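Chemist: Take a look at the following structure, please.
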Amino acid sequence: MKKIAKDDACFFTQQPFLIGTYDPEGAPRFATISWISYTFGPPACLVVSMYGKKHTRDNIERTGQFTAGLVTPELLPLCEHFNRATHRPDLTPDWAARPAQIVEAPLLAGAKFSYELKVIQKVEIGDCVTYFGEIQRVDVSEEIQNLEFFDLRKINPVIYSPYHYFTVGEHLGEIGDYSK
């Protein structure tokens, strides 16, 4: 790994989502985006940042609506399929989309946890745009609904660190366990 300078713009853990939009012809499109965060609100928002020119960005600008599906290991072939840098036309993984219930955007069939979002604010800095998507609905698999808590070991979300994918390790405790 190259040495990190004190003034480097540096990040090392991110949670990727597959962002769903409809293109101008109404076809479902997805893009892997890992610059994601949350605001508690009110209103509660998913905060999604994108750098540079992307069709997904154009679609969000046009409609003001999108979905965000949590990436788990079984969805990694789709992440690479929908990524311009890793897309291979000779490899086409099976996938399906279905319409979201509230927003005009596709949901990825097979995602364990997805948001339906409407843009309420946009911030542009240089070539980066950040959308504050108000959460309209959460689509949760039965598997997650049946958990006692958001047990990341069972949900198994992908964590991205530049050029590498990881999953979650052990459960270390609850908030308050280390202040006793």
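Chemist: Which condition number does Pro43 fail, the rest of (1) in contact with a Leu (Cβ under 6 Å, 6 or more places away or on another chain); (2) in a loop (DSSP other than H, G, I, E, B) being met?
Modeler: Failed condition: (1).
Chemist: Name the pairs whose Cβ atoms lie under 8 Å apart, with the first residue in the stretch 36-54 and closer than 13 Å to Ile19 by Cβ and open to solvent by 50 Å² or more (accessible area, probe 1.4 Å), the second in a loop (DSSP other than H, G, I, E, B) and modelled with pLDDT of 90 or more, and 6 or more positions between them or separate chains?
Modeler: No pair meets every condition.
Chemist: On to the next question. Assess whether Arg98 counts as being open to solvent by 80 Å² or more (accessible area, probe 1.4 Å), of a type in the set (Lys, Arg) and under 16 Å from Ala68 (Cα atoms).
Modeler: Numbers: open to solvent by 80 Å² or more (accessible area, probe 1.4 Å): yes; of a type in the set (Lys, Arg): yes; under 16 Å from Ala68 (Cα atoms): yes.
Here the answer is yes, as Arg98 does meet what is asked.
Chemist: Whether any residue in the stretch 53-61 is in a strand (DSSP E or B), modelled with pLDDT under 95 and closer than 15 Å to Lys122 by Cβ is what I want to check. Break it down stepwise before answering.
Modeler: Narrowing the stretch 53-61 to residues in a strand (DSSP E or B): none.
There is no residue in the stretch 53-61 that is in a strand (DSSP E or B), modelled with pLDDT under 95 and closer than 15 Å to Lys122 by Cβ.
Chemist: Also: For the subset of the stretch 57-76 comprising residues that are more than 19 Å from Ile144 (Cβ to Cβ) and touching a Leu at 6+ places or on another chain (Cβ under 8 Å), which member is least open to solvent (accessible area, probe 1.4 Å)? Steps first, answer last, please.
Modeler: Pass one, the stretch 57-76, residues more than 19 Å from Ile144 (Cβ to Cβ): 57-66.
Among the residues that remain, those that are also touching a Leu at 6+ places or on another chain (Cβ under 8 Å) are: 65-66.
Values: Gln65: 33, Phe66: 0 Å².
Looking at the filtered set, the residue picked out is Phe66.
The values are calculated or read from the model by the stated rules, or taken from the named source; none is laboratory data. Being a predicted model, the structure only gives us computed values, none of them experimental. Because the Cβ atoms are built from the backbone with ideal geometry, glycine has one as well, and the counts that use them run over all protein chains shown. Heavy atoms of the whole protein, side chains included, go into the accessibility calculation; ligands, DNA and RNA do not. Shrake-Rupley method; radii C 1.70, N 1.55, O 1.52, S 1.80 Å.
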